[in-house]
Amino acid sequence: MSKFELKLPQMGESVAEATLTSWLKEVGDSIEADEAVFEIATDKVDSEVPSEVDGILLEKCFEIDDVIKVGQTVAIIEIAGEAAASAEESAAEPVAEAPAPVQAAPEVIQTVVSARETASPTPAPASASDSERFYSPLVRNMAKEEGIGQQELDAIPGTGVGGRLTKEDMRQYIEGRKQGTISTDSISEPVVQSPAAQPIAQTQRPGEAPAQKTALTEVKGDEKIPMTRMGKLIAKHMTDSIATSAHVQSFVEVDVTRVVEWRDKVKDAFQKREGEKLTFTPIFMEAVAIALKKYPMMNIAVDGDTIVKRKNINLGMAAALGDGNLIVPVIKNADQLNLVGMAKAVNDLANRARNNALKPDEIQDGTYTVTNVGTFGSVFGTPIINQPQVGILALGAIRKIPSVIETPSGDFIGIRSKMFLSHSYDHRVVNGALGGMFVKSVADYLEAWDVNREI
């Protein structure tokens, strides 16, 4: 009987592991080549991993929420046409190459872990025999290494499916435990939270006030909607940013009449020649990239007490997803692209973001972010900085408004296309002069747009 090992594929140069979020097939299910078998997640990107062969799923090598290294075997598939053996024969032929942890009933995994930990020194590490809560082998190993007993382990809130304790939950708890922001003396009863009651952040960071739980009075007919995994990640990322950076905003009103007139003139020819729509976004991204070259101290990051001046200009562009969440694909080396290249990069990343087809590398290493709040009709906004960056620019809606126009022969009122640029920056390292000059530079570039520019 021939078996095929379905491994976690390489997902990008900087991605070494992923979290298993769901199984799309069960043991015994038939699988066709290119059919998705399981889903994985890295940061904000969810991806399906397809089978490379036709066959039957024989074995799952990992549980949901387990962290898997690139190249590890995740599933064993019996290749189609060679599935004449009975289920008993399949069970009698273990696959030696399959890595631990192997798919087994929770009681079996817990018994093995408990037996290994019986001989461990005090304090007694977590033992599964006294707990009905399931823990992955990875979580139990982390508990064992830190000397976390079963009662303490049971009391740690989990953000996984059904309140399951994940690697990230353990990492945050252990960090807080070492820093003294979490007391283990008051732990008395196991706590298993339902998904609807899961907090976003499990530990208090140094310098932060203790998290306050809002008193909520429920009314009959209220609906509880558990936050999605991505929603929880975004929420934590945003609250961490507010706690980290001293946010300050500068606002500039920009006359983009020349940009609007030029785009209206060339957009049809551009689409016919390039097969791409010409939106305003690549024009604005070009202006931001040029401003970052002029003011390189906006293209920095903070690492403790050190400022890291970025060599490359990698522009993130916030994109809304169908479920209401946001994702930020990154245009690498944006300052090296002409307008055609920028338009193609913007359209490609935006389309694949909506179709959940971005690669992990394409949402990493951004050095500055642009978000278009005008898409939803907002005149301006106060965006939250995307850590570890120090600035983010919000593009407001373009509106036709009456405006005073200055000419050599006098002033008069005319209709102009205008918009607001809202610049949020980290006042720890960016002062008001730099923050204001940067956004004014973007505005000056747009207002001086050449209406005779060739595409």
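A few remarks follow.
- Length released on extending from E253 to I79, taking residue separation times 0.36 nm less the Cα-Cα span: 56.3 nm
- Separation in nanometres of the label points that stand 7 Å from Cα toward Cβ, at A433 and E32: 6.7 nm
- For V390, V70, V328, order by how many other beta-carbon atoms lie within 10 Å, fewest first: V70, V328, V390
- Pairwise label distance in nanometres, S378 with R273, each label 7 Å out on the Cα-Cβ vector: 3.5 nm
- Stretching the chain fully between I307 and D411 yields a gain of 32.8 nm (0.36 nm per residue, less the alpha carbon separation).
- Distance from segment 440-455 to segment 275-316 (C-alpha centre basis), Å: 17 Å
- Prolate/oblate/rounded call for segment 247-447, Cα gyration tensor, a/c under 1.5 rounded: oblate
- Taking 0.36 nm per residue of separation and subtracting the current Cα-Cα distance, fully stretching the chain between L321 and V404 would add 26.0 nm.
- Using R0 = 22 Å, the C-beta based FRET efficiency linking S2 and L24 works out to 0.45.
- Normalised contact order of segment 247-447, rounded percent, pairs of Cα under 8 Å and 6 or more residues apart: 30 percent
- Derived scalar couplings ³J(HN,Hα) [segment 287-292; Karplus, 6.51 cos²θ - 1.76 cosθ + 1.60; whole Hz; x for Gly, Pro]: 4, 5, 4, 5, 5, 5
- Counting neighbouring beta carbons within 10 Å and listing from fewest to most, the residues Y445, Y425 come out as Y445, Y425.
- Relative exposure of V430, V67, judged by other C-beta atoms within 10 Å (fewest first): V67, V430
- Rounded to the nearest 20, the size of the Cβ-charge dipole of segment 394-446 about its Cα centre is 200 debye, with Lys and Arg at +1 and Asp and Glu at -1.
- Tail beyond 23 Å, pair distance distribution of segment 365-455 (Cα, percent): 38 percent
Taken together, the values in this text are just the output of simple stated rules run on the coordinates, not laboratory data. All values reported here derive from a predicted model rather than from experimental measurement. Cβ sites come from the backbone with ideal geometry, for glycine too, and all protein chains shown count toward neighbours.
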